[in-house]
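What follows draws every value from the coordinates through simple rules; no lab data is involved. Bear in mind that the values here come from a model prediction, so they are computed numbers and not experimental data. All Cβ positions, glycine included, derive from the backbone under ideal geometry; neighbour counts span all protein chains shown.
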Amino acid sequence: MFSKLLKKEENQNDKIEKMNLTEMRSYVNNKIKDLEVTTDGLNLILEYLSRVDGDKSYISSDDMDSKKKKAFDLVLSIMANKKINIQSIELVQEFLKVYDAIITQYDKEHKEIYASRFRDAINNGVAIVEVVSNMTKKMNLLSE
């Protein structure tokens, strides 16, 4: 039984890693029938977006603005999801470190406020994790 669950999770992770930004957004919004949104899936997307191999990262300053916007909006969508955890918040902070210059440049060129939206999203994410943690503690006390 456990092997079936592990294989299902590995299969889901493989599917997520092969997705493009649009498919990832559909996954986060729970619009893909075969895949259930999980904390691990959300964290996998954040890891994928934040990954830096040498000088190469998922988003570069040369990329089209639409790709940057989609990636930024995807991260904001993940942070609004109820299934985030502390690791998700840490991964978003890593994302912000990696793409700080690109976010600043994008905000200046397009008169956007993604930098402040990311700060707000992190604060909201911390609040979500805190609420879930408090509820879990209460549930554990009631079950004892």
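Against the main long axis of the alpha-carbon atoms of the chain, helix 65-80 sits at an angle near 30°.
One Cα centroid belongs to the range 76-93, the other to the range 39-67; the line between them spans 15 Å. Computed from label points 7 Å out along Cα-Cβ, the spacing between residue 97 and residue 26 is 3.4 nm. Using C-alpha pairs under 8 Å with a sequence gap of at least 6, the mean separation divided by the residue count of the range 26-144 gives a relative contact order of 26 percent.
Label 7 Å along Cα→Cβ of residue 82; the range 110-144 residues with amide nitrogen under 11 Å? Once the point is set 7 Å along Cα→Cβ of residue 82, 132 turn out to lie under 11 Å by backbone N, inside the range 110-144. Seen against the Cα atoms of the chain and their longest principal axis, helix 86-98 is set at about 10 degrees. Panel values: the range 89-144, Kirkwood radius from alpha carbon pairs, Stokes-Einstein at 10 °C and 1.306 mPa s, translational diffusion coefficient 120 µm²/s. Once the Cα atoms of helix 100-110 and of the chain are each reduced to a long axis, what angle between those two axes, in degrees from 0 to 90 to the nearest 10, is obtained? Tilt of helix 100-110: around 60 degrees. With respect to the cross-link table entries 15/56; 67/137; 18/97; 108/137; 15/68; 33/68, which display a Cα-Cα separation exceeding 32 Å? Beyond 32 Å: 67/137; 108/137. The trypsin sites (Lys or Arg not before Pro) found in the range 49-101 that occupy coil by DSSP, while having at most 14 further C-beta atoms within 10 Å, are 51, 82. Among the GluC sites (Glu not before Pro) within the range 12-105, not one is in coil by DSSP while having at most 10 neighbouring Cβ atoms inside 10 Å.
What's the long-distance tail for the chain, i.e. % of Cα pairs beyond 19 Å? Tail of the P(r) past 19 Å holds 56 percent of the pairs.
Its alpha carbons give the range 49-130 an Rg and a Dmax of 12.6, 38 Å.
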